[in-house]
Each structure stands twice: as C-alpha cells, then as structure tokens.
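K.L.:
Dropping the structure in here first, questions after.
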Amino acid sequence: MMDKALTISNVNKDRGKIRVLSDINLSLSPGERVALLGHNGAGKSTLIKSILGLTSFQSGEILIGAAKPGSARARAATTFLPEAVSFHPALTGREQLTLFARLAGEKADVAGLLDRVGLPEAMDRRIGTYSKGMRQRLGLAQVLLGKPEVALLDEPTSGLDPISRQDLYAIIDELAAQGTAVLIASHALTEVEARTDRIAILRKGAKVADDTLSNLADQAGLPIKLRIRAAENPDALAAQTGGTRINGASVELLCSPATKMQALRQVAALGDAVVDVDVTPPRLEDLYRHYSGEAVQ
Amino acid sequence: MTRFLAIAVAEMHILRRNRWLFMATLIMVLFALALTFAGSAPTGALGVDMLTVSVASMTTLSVYLAPLLALMISFDSIAGESDRGSLALLLAYPAGRGEILLGKFTAHIAALAFAMTIGFGTAGAVAAWFGGVSVDSLIALIRLILTSILLGAVFLALGYCLSALAGGATAAAGMSAGLWLIFVVLYDLGLLGAVVLDQGGVFTQSVFPWVMVANPADAFRVWNIAASDSVALTSGMTGAAQALPMWAAPVSLLIWPVIGFVLARAAFQRVEP
C-alpha cells in the first residue's frame, strides 16, 4: 500500500462559538488530484490554512507525509497558491521568484519557470505593473519550484482567461504526473469536472461528499434532462409526454439513467411533432447543489 | 545562501526602489548640515572646535530622527504584508518567523546605517573643513553614528512588534506615531514634571537618572554626552549624566534591541494570516 501524501483525520476547529471545521476526514495519495468544493465560508480556505500550519485546530490530526503541519519538513514538502495571490509591488517577477526559490532551498531555473507560465517578457518589470492574471501566473510559477509532495491551490483559476486556464490544468496534470498530490479549492465547477480524480464537497465546515464524479452522480440519483423542441404546439407536447413547458417552443422531461432509453424511444415515436432533442446528464453544478443542501431545480 | 539573507536581499531591492533609502539619506544630510551651520556660532565662546558643536547639535537631532526613520521603515513590514495578502504565502515557505524578522531587520538596519553614515558623515566633514577637528571630536562623531544606528535598531524592532500587533498598516502607522511620541517626548516631559514636584529630593538624586536611562532615547543622549566632556559642555547637560556609572547608558542601549526583537518575535507568532 502506498503511503498517503496528505492525511486529515477528524479535524475540528472552532472560531469563537462557531464550528468552522467539523470532523473533517480527507486523504490524498501521491499523484491524486482532488477538487475541494464549497460555498464561500464553507471552510475551504480554513482547511488549507490548517494544512499549512497557519492556523491551529482544536482536535484531530493532519499529516503531510508523516510530518505535522507547520513543521520544517511539512513546509518543505508543500507548495501553496493562495486565493488572489499578491506580492510586493516594488519587486520584479524575477526577484520575487528568486526569493521564493532561495527560501525553498531550490536551485531553480527562474527564467525557465517564468517562461513556462507565460511571463517571459514581464519578468524584469515590477509586479505593481502586472495584471491580476499575470500575478496569478507568477503565483503558479512558485508552485512549480522543486518537486513538492502536496500542492494546495486555493481558487487557482480566479483572474485567469480561458486559455490561461487550459495552461493551469496542464500544469496541474504535470504536477500530478510527477507524483504530487494536488488539492484544488474551486468554484469553477465545470472545469474541475474533467480534471480531477475525486471531488470532496464541504458544507458549513463539514464534508458532505467525497468520491469520484460518477459515483457521486449515482448516489445522488439526479435526473437526466431531456429537452425537446416542439414543431408547433409545445403545450400539447407537454401534455402528451408528461413534461413541463419551459419556453415558447421547448418541453423538458426528467428521467433516471435506467429509463433514459425508454424516454428517448417515446420521444422518437412522436414523429414530426418534435424538431430537436437535447440530452443533458446531471452536471457537477447539480451535484454540488444536491450535496451542499440546496434544492435541485 | 541562508534564508534570512534571501529576505534581506529582497527587502533591499524594495527600499532602493521605493526611494526610501534615497529620501532617508537626503533627510539626514539636510538636517545634519543645517544644524552644523546653525550651531556653529558658539564655537569661539566655548573654546571647542566646530565639529564638537556639530556633534552636540546632531545628537539632539538624532534622538528625534533615528526613531522616526526606523519606525517609518518598520511599521509596514508585517501589517503591510498582511494587508496585501502576501504574508500567508511567505509563511508557507520553510523560512521560520524569526528568520523572516531577522532578514527584514538586516536590510532595514543596513539602510539606516547608510543614511546615518552619509548624513552625519557629510555634516562632520563640512564642520571639520570649516572649523577644525581633533581626535576627540572625531571619536565623538563616530560614536554618534554608531549609537544612532543602535537607537534605530531599537525602534526597528519595536516597530515590527507594533506591526505584528496592529492587524493593519493604518493602525500600525498610528501606533508607531504614538510610540514615538511616548519615548521621545512624553517620557521626558513626565520625568521633568516629577523632578519639579520632587524639588531635589530622593527621587531626583537616585531614582531619576536610572528611570531616565531606561528609555533608549535618553540612554542614547546620555551615552553621547557623558562620553565626551566637550560635547557635554556644549550641550549643557552634564548633571544627570554624571550621576550614573559609565556603563548604564551603553547597557540600556544595547539591551533594548534584544528586548524589542524578542517582543516582536512573540507578537509575530500570534499573527494568523
């Protein structure tokens, strides 16, 4: 059995009278990519800060490999990308990254790393002149210093344009391929869908789900949506199929994975009355709503 | 390279780039030159060279300026990083909090030392050129520069402490102004009031000099004045300095940076980014 890169067991944390983390259990194997989802205030950032040893918790245990959070061993094994990462505006990108490399004790190819994240021409400009996306890229460059065992990325896509996001996920894959366990706290649900091995959902400080996307979908039993467009009379079509009319021309039907084909055959039998059909499997957002305790629409 | 030096190098880049180093040096040079020329009148009457008078004036100046410059540089060092949101990332790296403080301190004290040496050195050179110089006055000038750096070190460390306690850069700036006012102005006013009320009693005779020298700003003044008869003569402040043993002021001024650093380290420990 392979040792876990990160083990969180029964962690509780109170802030004043409010329990911000409640009996959290989560573990990551080397090379595993796990998405940590939750609303603002669900405890994602607090959990990450607990793993980093930046904030204390009342009970439970967190181990990075075999090291305690905040210990020299743990800090050397961890990289971190904070939410809305920021740096001293008077330093240049190269100076900032050189500082981090020296702090990490790495003989890093600073120019190569900045090139890797797409900042080659900006490396000798002050960070104060950078856009938000460029600061985020610089933040990513420091994640790539050394070969960390655990990478903690807090909202890594914030401020990035779609192409940069693709770069980001390429970098995450690269980290995972070299054996780094990657924990990604994210709101960008549709993106982590395809890019992570496992999904953990936090709700009010408690973990409400932790599994692969397909298992979570099965357990939740969320319906598949069939959207059919009527040729002329959507109300009649709705009455005929037992669905609901959602706009001037379309009707929406809900079915389970088991009855999907049956529903499709029924739609096909309607002949010319139907012009088009869309099949939408439950998406992460639906799952997320389900597990985080909101009404599924 | 060790980690605190990496932080010191980055801090030096920042001081150079945000013009702090230039402005601090300029302030020191201008004030020191102004005092040297303005204070050159009594040279003949007292029978000492111009550099001695200049050092006496600059001692008074440094009591105010060294703590002020030190606090201006240090108040932002932790609170600013915390406000900006860059502290969490820095603390996630293997550098310990003591190393981070030490790195910042190294850069800041080097910058202060540069400003002090250039400022007082220029004024001293001008005074020596125009009004003569002696071995005694040259030693007094070197003592002034070194003790000014020590005084700066005290207020750098105290500034870090406030910066860690304040929670925000604005609050840290306010607290630093308060600290400066207490140590440099109010403390002496309070002592003066006590001496007046006491009317030459036990307090004035035996307690007052010790209470005074416990304040690093006063220890700085006493050290510079007590160590040089001619500086004491020109500053007219001999009484209190003579009531104390020679070691009292140096010990106070050397211990304060250590106390300040320990306090700052303890305060920094409590900061949760």
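The values are calculated or read from the model by the stated rules, or taken from the named source; none is laboratory data. These numbers were taken from a predicted model, which means no experiment stands behind them. Note that each Cβ is placed from the backbone with ideal geometry, even for glycine, and that neighbours are counted across all protein chains shown.
K.L.:
Could you check region B:162-197 and list, in sequence order, the residues that are modelled with pLDDT under 95, under 16 Å from the mean Cα position of the chain (by Cα) and among the aliphatic types (A, V, I, L, M)?
P.N.:
Once the filter is applied, which keeps residues that are modelled with pLDDT under 95, under 16 Å from the mean Cα position of the chain (by Cα) and among the aliphatic types (A, V, I, L, M), region B:162-197 yields B:Val184, B:Val185.
K.L.:
Right, another one. Inspect all residues belonging to region B:80-87 and state whether any of them is over 20 Å from B:Asn18 (Cβ atoms), touching a Phe, Trp or Tyr at 6+ places or on another chain (Cβ under 8 Å) and either within 12 Å of chain A (Cβ to nearest Cβ) or touching a residue at least 12 places away in the same chain (Cβ under 8 Å) (or both).
P.N.:
The answer is no, given that none of the residues of region B:80-87 is over 20 Å from B:Asn18 (Cβ atoms), touching a Phe, Trp or Tyr at 6+ places or on another chain (Cβ under 8 Å) and either within 12 Å of chain A (Cβ to nearest Cβ) or touching a residue at least 12 places away in the same chain (Cβ under 8 Å) (or both).
K.L.:
Which of (1) β-branched (Val, Ile, Thr); (2) surrounded by fewer than 24 Cβ atoms within 10 Å (Cβ to Cβ); (3) farther than 22 Å from B:Leu90 by Cα is the odd one out, the single condition A:Thr196 does not satisfy?
P.N.:
(2)
K.L.:
Tell me which residues, restricted to region B:45-86, are more than 25 Å from B:Arg265 (Cα to Cα) and polar (S, T, N, Q).
P.N.:
The answer is B:Thr52, B:Ser54, B:Ser57, B:Thr59, B:Thr60, B:Ser62.
K.L.:
Still on this model: Hey, does region A:90-101 have a residue that's more than 14 Å from chain B (Cβ to nearest Cβ), modelled with pLDDT under 95 and in contact with a Gly (Cβ under 9 Å, 6 or more places away or on another chain)?
P.N.:
The answer is no, given that none of the residues of region A:90-101 is more than 14 Å from chain B (Cβ to nearest Cβ), modelled with pLDDT under 95 and in contact with a Gly (Cβ under 9 Å, 6 or more places away or on another chain).
K.L.:
Also, quick follow-up: Any residue that is of a type outside the set (A, V, I, L, M), in contact with a strand residue (DSSP E or B) (Cβ under 7 Å, 6 or more places away or on another chain) and surrounded by fewer than 19 Cβ atoms within 10 Å (Cβ to Cβ) - is there at least one of those in region A:150-168?
P.N.:
Looking through region A:150-168, none of the residues is of a type outside the set (A, V, I, L, M), in contact with a strand residue (DSSP E or B) (Cβ under 7 Å, 6 or more places away or on another chain) and surrounded by fewer than 19 Cβ atoms within 10 Å (Cβ to Cβ).
K.L.:
Out of the helices (runs of 4 or more DSSP H) lying entirely within region B:42-131, which hold 2 or more residues that are surrounded by fewer than 23 Cβ atoms within 10 Å (Cβ to Cβ) and among the β-branched types (Val, Ile, Thr)?
P.N.:
B:50-74, B:97-131
K.L.:
Write out, first by first residue and then by second, each pair whose Cβ atoms fall under 8 Å of each other, whose residues are 6+ apart or on separate chains, and whose first residue, in region B:259-273, is within 14 Å of chain A (Cβ to nearest Cβ) while the second is among the polar types (S, T, N, Q).
P.N.:
Pairs found: B:Val271/B:Ser82; B:Glu272/A:Thr55; B:Pro273/B:Ser82.
K.L.:
Would you be able to tell me the number of residues in region B:132-144 that are crowded, with 17+ Cβ neighbours inside 10 Å and without any contact (Cβ under 8 Å) to a residue 12 or more places away in the chain?
P.N.:
Qualifying residue count for the region: 0.
K.L.:
Sticking with this one: Evaluate the following for B:Ala8: is it within 14 Å of another protein chain (Cβ to nearest Cβ) and at pLDDT 95 or above?
P.N.:
Spelling it out, B:Ala8 is indeed within 14 Å of another protein chain (Cβ to nearest Cβ) and at pLDDT 95 or above.
K.L.:
Can you go through A:Gly112, A:Gly53 and tell me which one is surrounded by fewer than 16 Cβ atoms within 10 Å (Cβ to Cβ), of a type in the set (Gly, Ala, Ser) and modelled with pLDDT under 95?
P.N.:
None of the other options fit; the residue is A:Gly112.
K.L.:
Does region A:117-128 contain any residue that is more than 12 Å from every other protein chain (Cβ to nearest Cβ), within 28 Å of the chain's Cα centre (by Cα) and surrounded by fewer than 16 Cβ atoms within 10 Å (Cβ to Cβ)?
P.N.:
Yes, that holds for at least one residue.
K.L.:
For region A:54-86, enumerate the residues that are more than 10 Å from chain B (Cβ to nearest Cβ), assigned to a strand (DSSP E or B) and touching a residue at least 60 places away in the same chain (Cβ under 8 Å).
P.N.:
Answer for region A:54-86, where residues must be more than 10 Å from chain B (Cβ to nearest Cβ), assigned to a strand (DSSP E or B) and touching a residue at least 60 places away in the same chain (Cβ under 8 Å): just A:Ile64.
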